[in-house]
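Reading through the structure tokens given below for one structure.
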Amino acid sequence: MVFYLLYSSDIDGGEILALYVTTIVFQLVMLSLAFIVLRFQHATPVERSNVMLSAFCLNAGNYGLSLVAFAFGEAVLSRAAVVFIANVTLNYSLGVFVASNGRSSPRESFMNVLKTPAVYGVVLAFALRALEIELPLPLARSSARLADAAIPMMLIMLGLQLGHFARFDRLNLVATGVGLRLLIAPFIAIALAALFMLEAEARTAFIIEASTPTAVLTIVFATEFDLDRDLALNLIMVSTLLSPLTLSVLIAWLQ
């Protein structure tokens, strides 16, 4: 999915780079803020990994892209897709490292990153765009179909996990993760959009995508890397349920 969206984008290369860099910087800032706050809360390594993932992994795909398409239209949607790609790139690299680090050594966490296909998909897509190489039609079609299937599969995973009972506790950690994701993130996004001089459609796409709730992917990480699935589910559910309140204000302001 990451490879196909980046390879097939019709946005100017300079604008893609600006959105890409801004999104990466944003996620690094959110990760750093979460780390600092959690140091004061004396969270365990597993809890720290859960909340840090919640703070910087955006639900920029099935939630963000659908919202942008409905509220702003095609021009903003094409830029939002670039933000989504940058988000997925960091989720599957730094996100894998953070998730692994909850129970593994830094070396083992780094090796898990190298096993992640999305990282190589981004490199390959950038290389093909730079060299202006077109994919053979069968390969292009198969990449498109796989990309279309990725988001529904993540929603199925979320539905399966939500079918299990989850304890609702550690409210301080849930409040920290949700507060960073829904309350602090929009202000960081607005500041970075100004700093990197994003233009109208790009600015709107970036701010909305950066303000979406916690990604469904975090429950996949929690399952795969033996983190706290109950805490991951709580962070996803609470941030998703409260997100219409914050995003409605942002949409009204940006329109």
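If L53 satisfies all but one of (1) out of contact with any helix residue (DSSP H, G or I) (no Cβ under 7 Å at 6 or more places or on another chain); (2) assigned to a helix (DSSP H, G or I), what's the number of the condition it fails?
(1)
I'm trying to understand the selection: among the residues of the range 220-249, which are surrounded by 17 or more Cβ atoms within 10 Å (Cβ to Cβ) and either small (G, A, S) or closer than 25 Å to F70 by Cβ (or both)?
If the condition is that a residue be surrounded by 17 or more Cβ atoms within 10 Å (Cβ to Cβ) and either small (G, A, S) or closer than 25 Å to F70 by Cβ (or both), then A222, A232, L235, I236, M237, V238, S239, T240, S243, T246, L247 are the ones that fit.
Return the residues of the range 44-81 that are closer than 18 Å to L19 by Cα and not small (G, A, S); say none if nothing qualifies.
F56, C57, L58, N59, L65, V68, F72, E74, V76, L77, R79 - these are the residues of the range 44-81 that are closer than 18 Å to L19 by Cα and not small (G, A, S).
Return the residue satisfying two criteria in turn: it lies in the range 15-58 and is among the charged types (D, E, K, R) and in contact (Cβ under 8 Å) with a residue 40 or more places away in the chain, and of such residues it is farthest from A232 (Cα to Cα).
E15
Coordinate-derived values only; no laboratory data. This is a predicted model, so every value here is computed, not measured. Note: ideal-geometry Cβ built from the backbone for every residue, glycine included; neighbour counts use all protein chains shown.
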